[in-house]
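Chemist: The structure under discussion is supplied below as structure tokens; questions concerning it will follow.
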Amino acid sequence: DDLEKIEPQQLKALTGFLRQHVSLEGNPLLIVVATTHRSGAIGAFCSGVTTGMSTDSVVLSPLNASSILGLLRDLGVTGPAGSALA
């Protein structure tokens with residue numbers, strides 16, 4: 001979460017690890033990150049430019065009130081918990 005808060009040296013180390021163990025050696029790995037920035041070093045990492053990995057992106061947006069109520073109903077969340085979450 002909040003990949004944009006990573007220190008540059010940490011991002012460099014993570015990028016090197018991924019390039020070596022996933023891209024070059026072929027070890028399978030699933031990475032999920034959340035960020036609000038898609039530029040600079042973070043953008044290059046998320047696009048796979050620096051790691052050599054294929055990437056996919058999913059843009060998330062807030063749910064509206066009716067969608068939240070539908071989700072809670074579908075999940076069977078009722079009572080005080082359902083009221084608090086709605």
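The values are calculated or read from the model by the stated rules, or taken from the named source; none is laboratory data. From a predicted model like this one, the values you see are computed outputs, not experimental measurements. We place every Cβ from the backbone using ideal geometry, glycine too, and count neighbours over all the protein chains shown.
Chemist: Please find, among G79, G70, the residue that is more than 22 Å from the chain's Cα centre (by Cα), of a type outside the set (A, V, I, L, M) and surrounded by 10 or more Cβ atoms within 10 Å (Cβ to Cβ).
Modeler: Answer to the check: G70.
Chemist: Taking only pairs six or more apart or across chains, which ones have beta-carbon atoms under 7 Å, a first residue in the stretch 58-85 that is closer than 23 Å to A34 by Cβ, and a second residue that is β-branched (V, I, T) and surrounded by 10 or more Cβ atoms within 10 Å (Cβ to Cβ)?
Modeler: L85/V77
Chemist: Looking only at the stretch 21-54, filter to residues that are of a type outside the set (D, E, K, R) and in contact with a Cys (Cβ under 9 Å, 6 or more places away or on another chain); which one of those is modelled with the lowest pLDDT?
Modeler: Per the criteria, the residue is H37.
Chemist: Would a scan of the stretch 20-42 turn up a residue that is acidic (D, E) and surrounded by 12 or more Cβ atoms within 10 Å (Cβ to Cβ)?
Modeler: Looking for residues that are acidic (D, E) and surrounded by 12 or more Cβ atoms within 10 Å (Cβ to Cβ), one finds none in the stretch 20-42, hence no.
Chemist: Further question: With the requirement that a residue be among the aliphatic types (A, V, I, L, M) and surrounded by 12 or more Cβ atoms within 10 Å (Cβ to Cβ), what does the stretch 44-67 give you?
Modeler: A44, V49, M53
Chemist: Which of the residues belonging to the stretch 10-43 are closer than 18 Å to S57 by Cα and assigned to a helix (DSSP H, G or I)?
Modeler: Listed by number, the residues that qualify are T15, L18, G40, A41, I42, G43.
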